[in-house]
Structures are given as structure tokens and as C-alpha cells.
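As C-alpha cells, the structure follows; a few thoughts come after it.
All of the numbers you see were taken from the coordinates with simple rules; none came from a lab. Since the structure is predicted, the reported quantities are computational estimates derived from the model, not experimental observations. Every residue, glycine among them, receives a Cβ derived from its backbone with ideal geometry; neighbour counts consider all protein chains shown.
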Amino acid sequence: MSWIPHKPGWIAGRSRKDAELEEEIRFHLEEEARQAASGGLTAEQAQWAARRELGNVALVMEDTRAAWGWTPLERLWQDVRYALRMLRRNPGFAAAAVLSLALGIGANTAIFSLLNAVVLRMLPVAEARQLVQFTNTIPLWETGSAYARNLFGYPQLERFQARATTLAGIVGGTGLGRLNVGFHGNSALADGDACTGNFFSVLGLTPQYGRFFRPEEDRADASVAVLADSYWRSRFGANPAIVGGAITIDRIPFTVVGIAPRDFAGLSVGSGPDVWVPLHALDRLQPGGKRWTEPFLSWMWMAGRLRAGVARERAQAEMDVLRRQFLTEQLAVSAIGGMANVRHFVRDGHLVLRPAATGVASGLRERYAFPLQLLMWVAGTVLLIACANLANLLLARASQRRREIAVRMAIGASRGRLVRQLLTESLVLAALGGALAVPLAWWGGSLMVRMISAGETPAPVAVDPDWRVLAFTAAIALLTGILFGLAPALRATSVDPAPAMKEGTHRAGRRSHTMDRLLVVVQVALSVVLISGAGLFVRTLHKLWTVDMGYHRENVLLFSVDAKLAGYPTDRAGAVYRQILDKLQTLPGVQSASASVVRPQDDEFRLEDRVDQVDGRTLPEPDAIHVAWNSTSPGYFSTVMTPLVAGRDFAPRDRVSAPPVVIVNQSLARRAFPNANPLGHQLGEATVIGMVKDARYGGAREGPAPVLYYPLFQHGPEQEFGWGFVSFELRYGARSNLLDEARRAVASVDPNLPVFRARTLVEQAEQALLTERLLATLSSFFGALAVVLACVGLYGLMACAVARRSGEIGIRLALGARPGHIVRMVLGETLSLTLAGIAAGIPLALWSARFAKSVLFGIGPTDPFAIAGAVVILIGVAAVAAYVPARRALSIDPGVAVRCE
Amino acid sequence: MKIAPASRLELLQGTLDLLILRTLQTGKSHGHAIAKQIRRTSEELLRVETGSLYPALHRLEARGWIAAEWEPAESGKRAKYYRLTAKGRKQLQAEQTKWETFSRAMGLVLQPLNEEPV
């Protein structure tokens, strides 16, 4: 009994009151009997007369207690205690029920906590609902459909800040990518953001220590920095003394002025920076360019805070007008104002303010919002199956408890009271399951965060259960408790006490078995949906993995180096990269080495451009060829094994002083030079010297598309290595210690050059499929859970049926039925239920698969293999579930069975 | 079959309260004696159902109109004696006035002093 909680104090006081009431009633009875006896009745007759006069003692006491006023709470307490006692008497049932609920609720909570962290959670800033993100929507040349860009030029920010009347504050910023943060002579990489000086004050944040930027500190010689809480903890041991201390960022001195609040990780989910610097620090960190003056150079995101009481639509109307006025003025001034696409952008584009209460646009959110919603449905279906399973167990128990219920009704319990008590039992189960689900979900949630984290460190997504997650768990626990408990409770109490008590056996009405069967059929049907869904995702992942990428994944090591991080100006970066490449080529075990700006299946970079000059002929704007581009060193194609179809690879002689050259892929050649050999033709200023086989640039989902390759050491300096870092590719025979040797090679060029993004091409490709892997893994897990639950459901039903029909089976055996016949009977029934479930499940599966269409690849939502797989698995499950009951049916002793009947 | 307490009390509620309060005006008494007293003084016309009496007593106690103490009864056993509180006395007056008005009104309608043809 020790695990059943003791009565709280107010209930203990209550029991004294109960005893007094009992005494009061007893006194009444005695007094009545005494007076009746004095009227001439015998003592016994008098007692009976008194009892008759009083009526149902229990009922009188119950009614009187009701007058005390606090009974609902007391009844609940009673019911909970009773429920716990019932569960203790059936530990097997209790454990099975709580565990399956914990898994079901836990799965939902885990997915929800991730969905909450990635999509739903409000930013921890003052009045988050007032925040909006600035977005440009521009109709595409090609399709006319609008697409959105979140980047703006700095002059626009200045104009908006000066003129806006509907916004209380406008902030802007840009990611700095990897920074080399030095502290006391140690340097390590960190992620940085540059933001306007008013960033923190517009958000209404208060620093944990120190202060935030002052507006006047946002200038070219800015040298102040604010640290994120997580970075401050991991790098500086949460030491407040760091405030006021000196650090270096890319070898430039900065002073730490403050620590951001603990729960603030930037405005964009999943990409929380480690350090913030004022926007104009860009002049020291990434000098050059026309970023402060060119209005059509879009590079910074912008967000604003609506003035109190101003509707978003009103502010948007004002900003759209301001944008158009300003950009139209600038068309006349800007050097690129005459370009057709710039004019198109000004004329046909609009400014939209998007609600940003939950953060500004986030790649993580964009990537995972839909898969997580899908998984939420999947997890919800698993919970439904678990509910059906439990409802079935409770139904079976309800027929066992018919006698108990009948007795309780006979002595005056109302049906409502009994239903409430039975429901309390279900809710206690659900509450236990829910309580166990929370730690399970926490663990599962962080596991999933690790699964979706692309880099070396987990994505900064906080999945700790907040009030919203806990409320969600409590709500679904309550809902499931009612869902699986109500029907059994209603049925258990729909008994006529007299015959039920007389019967003595645990026999339930005919109609009840229909409900049991229906529940099992529902379970099987939902399992079909889950298993075939899992099949779709697994097959998608397989198709994506086996698609011909146009290069060979095996035996390639990748890593990146950024000369800027070691303090090199852009004009010296090229030489550093060339030196590193030379060293790498001589490493033992390396068959070939190369460098490129974009690596295969890059998760950080995508470079796009429009080619509008072919052989000196200018293409009209709508016909310009949309290309993805890359800059590669000599040897890139042989390293990743993309075959050169015609012409030659880049060579060392293709340097800055040499005539510009390019290599095209087959798709680009077909687009630019239909039915012609591309070699020797001109694209822009450059001559085509080679053609390579199509390789998928962005990932497996992309079809072959035009790609343009520039020579890294010719084109890079011209671009001032503006993209930042360079990726190296090493094709190796044997891999042992290769990365260490590569690090040593880089260090021998300059020990201050950090090496990052080191992984094999196989790992890189796996990371590109994280979403698909998450979907495939989790849906398989949930599918397996569904199979187990369906198996338990079928088994339970058949075991009950065999137990119930043991008399009949015994007679059949006694009359000479062959064992095979009995087995066929059990198997046949199981199979027919399963087939009914499958028949109902297939259309449901086909219908629901349509919603997942956008994440499938290489197969349609009606993939026959997925459905067939589900059918085979479930028929197998049915056979397993029927095996034990069938064996039990055979072992029935006819004599015993018949006598018991 | 159980009858919900509400439906049974409905008939007597208010009236029973008034009867109890009035009975206690003459002095403290226990439940059984109260029932007896009501029956006797109403010339056996009103039978108080025990099933309603105790809930009513406890309800009045919860409202603070009557208070209870345990004291030895005539039989020697201890019994729960109820007495009217000051609050209860006020309530009794109000209820009594209301009842008298109601009863007078009913009387006037049912047996008018000077009936006129309609």
C-alpha cells in the first residue's frame, strides 16, 4: 500500500466528521427502535421498523455528506485511491497500459517539443507580437509567381529609419559566418552576427552582465562585442569578469561589453550566433565594397517593431510606399540602375512585413516545419492505436468486472457515479503514462535535435519542456484518458444488475464483441497507414541515396580553410590557398587534391547567376540563362570523379593574367549552344575550354541544371574571394590519419589557419539527407510501435475469444473435430479481422500519403511496394498474434471444458 | 434505483428548513426529536423523511444558521444537539414573514372575502 499516497490533512479531518455522522445516524436508529419497542414491538421488530423508516442508510449518509459541500474533491480522491488499488491488483495490465501510453504520449510530446522549439515558440523579447520582418516579394521572370527575399541594402535601412512613423524601431544585421575568436592567446572558431546599434534596445532585452551597444558605437572603428549566454558558458566558463575584457575577432581587438540574456539566441531559430558586433564593425572585419552606399546590393536582413496599436497592414502600406519612393529615386543615381532586372525589381516588387513574433525566417524552420508536422500526424496516429488497444483491454476487463459493477449498482450507486469512477481509472492510467512521457520526450527530443544537427555541434534548439509542452502533454493525456476510457465505462455500466449477478459467469452481451472487433480492425487499418507511410519515407531515402549524383562519394575527404580568419587580406588569400593545395598534393595516400568554393552537396553555399551574353550576343532579359556556379582548382573534376566529356580541365596556366576561361556542364552547353560543340565559344567574356558531365549541384533532389565552372585562381582574385572560405577535396587510397596530416600541411603554411567542416564526402551526403533520414527513422520507429500494438490487440482479442469459447471448443474436440480444424478456426478469424483492417487501411493510406507528396522522391504517393510491404507485415503479425491462442485452443481438455460449462 | 437527492429535497426544501428552524426556536434538540416534534405539532400531517432531515440539518449547520454540540441524551448515549444561532434566528424571522405573506396571499385567492361575479 505504501505507494498509494496517504490522505492529506484536510481529508484526515474529514474522517472524524464521517465517524460523527455515522454516530448521529446510529443514535437516530436506536432512538427510533427504543420508542418503537416501548410501543409494544419486540426488539428485533423495532430495529427493523427503524431501519425501514430511515431507508437506505448509505444513501442518507451520502446525501448528508453532499450537504458539506466539498464532496466532488473527496469523491475524486476516493476514485483515485480506488483506481490505484485496482491497478495494483493487476500489475501486468497496469504496466502494459502505462508503458504503451507513455510511448504514445511521449512520442507526441517529443515531436511537439521540437515543433514548439522550431516553429511555435515566441522570441524571449519584450512584446514579441509587435515584431515584423521586412521581406521583398518579386514576381519571377520565368514563372510570374512571387518569390520572397529577406535581404535589403543599407541605404534602405537608413531611409526607413528616418521616415517610418508606424514603426517604433527598425533593426538590421547580417551573419558574419565563422569568426576566429582569440582570448589570451588561444583562438577558436565561433559564429558571429553584426547588428545595428539599436538591435538590443529595440528588442527590449536586458543584459545578464555589462551593457549592450550604444547607438554611437555602431561606426567604422567599432570595437565592442556582446557574447551569447551559451558561448559565454562554454568558452569563458560563465565568468562575469570577462565583461570589459579584451578578445580578438579575426585578429582585430574587441572589448566584451555585455552578456546577452540566458534564453536569447538571436532572432532566427537554429542559428544563434556566439557573438554580436555592431554592424559597422564590418568595415574592419570584411573591408571594402560599396555596402553602405549601393541601394541595390541586398545583404542585410531587417526587422522592426510596430508602434503600439498600429496594425501590421498599416505599417506595411507605409513601408511599401517608402520603398518605392526611395528605390525609384535611386534608379537614376545607381550605377546599375539601368539594368532591366533592377528596374523589374523596383517596379514589380513589393515590401511585405511578416509577423516575426516567433523569429525571423530560419533555414532550420523552413526545412523542418513540414516534416515535423507530418511526424506530428504520425505520432498522433500511434497514440490513436494505443488508445484503441487500451480501450480493448478495458473492454475485456469490463466484462470481467460485470459482477462487481452489478453489485455496486444494486446497492445504490448511480450509473453516472460508476462511469465517473471508471473514467477516473482511465485518467489515472493516462496521467501515469503522461508523467512517464515527459522525461521520455525530453530524451527523445534532444536525440532528434542531434539527428537534425548538420554541423559538428548540435543545433541551438532548446527542447526543454516549457509550459506549452507541458500543457500539451497534460491535454493529450486527458484526451486519451477520456478517449480510451469512455466507451468501456459506458458499456461496463449498461448492465441490468439482477441477471448479471445471477449469471455469475463473465458473459457480456453480443453487441460488445462487435466493438472489440471494430477496435482491432481500426488498429490494423491505422497500422497500414503508418507502415506504408514509413515505407514511402524509407524508399525515398534509398532513392535519394542511390541517385546518380555525377561524382563518386567514396574515398573523398573534405575540409575548409578561411585565410581571412588568420588575418590575411583578400589579395593574399589566393596565394595561401595555392600553397596549401600544393602541400596536400604531395601527402602520402592522396591520389589527387583540389580546391573549390562550393563543395559537392554543400550545406552552406549556393552560388547563382544569370548568363546573358553568349558568343558576344546579349540575350533579352527573360531568356538569360539561370546558372549555378562554382570556382574550382585544376584537378577538381578528377578528384570528385566527374567525367570530362570534351576539352580540358583548368590548368595552372589559367591565372589572373591569362585570358578568362570557363568549363560548362552538359545542361548548360545544351541551353547555350544547342546542337553545337561548346568548345571555343564565348560565355560573357570567357571562352569555354571544357565540358563536364552533369553533376547535381545542390543535392539529390535537384535535377541536372546548368552549371558554370570558373578557374579558382583566375576568378577568385577578381571576386576578391568575397565568399570567404575555400573547400579542399582529397581523394585517398588509405585514410588513416589523413585528416591529421592535412591539418599539419595547413599548419605548415600558417599555424594560425583553422581547419573546419572536415568530413568525408559520404558524411557530407548523409548530412544533406538529414530531413529524409529523420522522417524515415522516426516513421519506421512509429510503424514498428504500431505493429507491436496491433499484434498485442489481435492477440488479446483472440485469447479472450478462445477463453470465452473454451466450452464450445471443448465440445467440438469431444465430438471429434480435428486439431487442424480448430487452428483454422482461430487463424481464420484473426486473418479475416486483419484483412478487414487492411481493406479499410489501404484507401486511408493512399489518401493520407498525398499530403506527404512534397517530401517524396523517385516514387509516387501510391507506391505499390509500400502498400504491399504493409500488407505482408500485417498478415505476418496476424499469424504471430494467432499462434498462442490457437495453441491454447488445442490444449483445451474436452472433459474439463464441458464440465465447467 | 436511487433517486437523486436533489429531486427529493426539492419538494421540501425551504419548507423543511423553516420547520427545523421553528422547532429549534424553543430550545436545542437532536435530529430524531426534531422529526418527532414536527410530526406531533403538525398533528401528524407532516412526516419528515429522515432521508431529507439529516442533509437539511447539515446544510443549515454549514450555513451557520444552526450550531451543534454533542451532549448526553435521555438514554444516556451522546447525541448531536442542534441549536439556533443568532444568524438562524434572523433567518427564521425572514422566512416566517415570507411564509405568512405567501400563505395569506394563497388564502385570499382561494377564499376571497367578498367575491364578485366576473
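For the stretch A:128-357, take N as its residue count and report Rg(C-alpha) divided by 2.2 N^0.38 Å.
Compactness ratio reported: 1.07.
Quick one: which of B:LYS28/B:LYS90; A:LYS17/B:LYS77; B:LYS36/B:LYS87; B:LYS36/B:LYS98; A:LYS17/B:LYS36; B:LYS36/B:LYS90 span more than 22 angstrom between C-alpha atoms?
Numbers: B:LYS28/B:LYS90 17 Å; A:LYS17/B:LYS77 18 Å; B:LYS36/B:LYS87 25 Å; B:LYS36/B:LYS98 25 Å; A:LYS17/B:LYS36 25 Å; B:LYS36/B:LYS90 24 Å.
Too far apart for the 22 Å limit: B:LYS36/B:LYS87; B:LYS36/B:LYS98; A:LYS17/B:LYS36; B:LYS36/B:LYS90.
Any idea what the relative contact order of chain A is, in percent, if you count C-alpha pairs under 8 Å spaced at least 6 apart?
After rounding, I find 14 percent.
Please turn the phi angles of the stretch A:582-594 into ³J(HN,Hα) values with the Karplus equation 6.51 cos²θ - 1.76 cosθ + 1.60 (θ = phi - 60°), one per residue in order, whole Hz, x for glycine and proline.
Karplus values, whole Hz, x for Gly and Pro: 4, 5, 5, 5, 8, 5, x, x, 8, 7, 7, 9, 8.
How do A:ASP218, A:ASP263, A:ASP562 rank when sorted from fewest to most other Cβ atoms within 10 Å of their own Cβ? Show your work: numbers first, answer last.
Details: A:ASP218 20, A:ASP263 13, A:ASP562 26.
Fewest-to-most ranking of A:ASP218, A:ASP263, A:ASP562: A:ASP263, A:ASP218, A:ASP562.
Cross-link candidates for A:LYS564: which lysines have Cα within less than 30 Å, leaving aside residues fewer than 8 places away along the same chain?
A:LYS290, A:LYS583
So if I place +1 on the C-beta of Lys and Arg and -1 on the C-beta of Asp and Glu, and nothing else carries charge, what would the dipole magnitude of the protein assembly as shown be about its Cα centre? I want it in debye, nearest 20.
Magnitude of the dipole: close to 3020 debye.
Each label point is 7 Å from the Cα along the Cα-to-Cβ direction; what then is the distance between the points at B:SER42 and A:TRP299, in nm?
9.6
Using alpha carbon centroids, what distance separates the stretch A:870-886 and the stretch A:376-442, in Å?
Their Cα centres are 26 Å away from one another.
Give me, ordered by chain and number, the residues 5 or more places off A:LEU167 or on other chains with an amide H under 5 Å from its own placed amide H.
Those lying under 5 Å, H to H, from A:LEU167 are A:ARG307.
Once the convex hull of the alpha carbons of the protein assembly as shown is built, what does its volume come to per residue, in cubic angstrom?
Once divided by residue count, the hull of the protein assembly as shown is 314 Å³.
Relative contact order of the stretch A:563-753, please, whole-number percent, based on alpha carbon pairs below 8 angstrom and at least 6 residues apart.
This gives 33 percent for the stretch A:563-753.
Fewest Cβ neighbours within 10 Å first, please rank B:HIS32, A:HIS681, A:HIS821, A:HIS542 accordingly.
Ordered from fewest to most neighbouring Cβ atoms within 10 Å, B:HIS32, A:HIS681, A:HIS821, A:HIS542 come out as A:HIS821, A:HIS542, A:HIS681, B:HIS32.
Please turn the phi angles of the stretch A:625-638 into ³J(HN,Hα) values with the Karplus equation 6.51 cos²θ - 1.76 cosθ + 1.60 (θ = phi - 60°), one per residue in order, whole Hz, x for glycine and proline.
Coupling constants for the stretch A:625-638: 8, 7, 10, 9, 10, 8, 10, 10, 7, x, x, 4, 5, 6 Hz.
Residue farthest toward the positive end of the dipole of the stretch A:44-128, with Cβ of Lys/Arg at +1 and Asp/Glu at -1: which of A:GLY92, A:GLY106, A:LEU59?
A:GLY92
Within the stretch A:701-772, which trypsin sites (Lys or Arg not before Pro) sit in a loop by DSSP and count at most 14 neighbouring Cβ atoms inside 10 Å?
Hits after loop and neighbour filter: A:ARG735.
I need A:ILE336, A:ILE625, A:ILE873, A:ILE476 ordered by Cβ neighbour count within 10 Å, fewest first.
Least to most surrounded, the residues fall as A:ILE336, A:ILE625, A:ILE873, A:ILE476.
Relative contact order for the stretch A:9-69: what is it in percent, counting Cα pairs under 8 Å that are at least 6 residues apart? All intermediate terms of the calculation are to be shown ahead of the outcome.
On the way: 22 pairs, mean separation 17.4, N = 61.
Contact order relative to length: 29 percent.
For chain A, with the dipole built from +1 on Lys and Arg beta-carbon atoms and -1 on Asp and Glu ones, taken about the Cα centre, which of A:LEU267, A:TRP292, A:PHE484 lies farthest toward the positive end?
Of the listed residues, the answer is A:PHE484.
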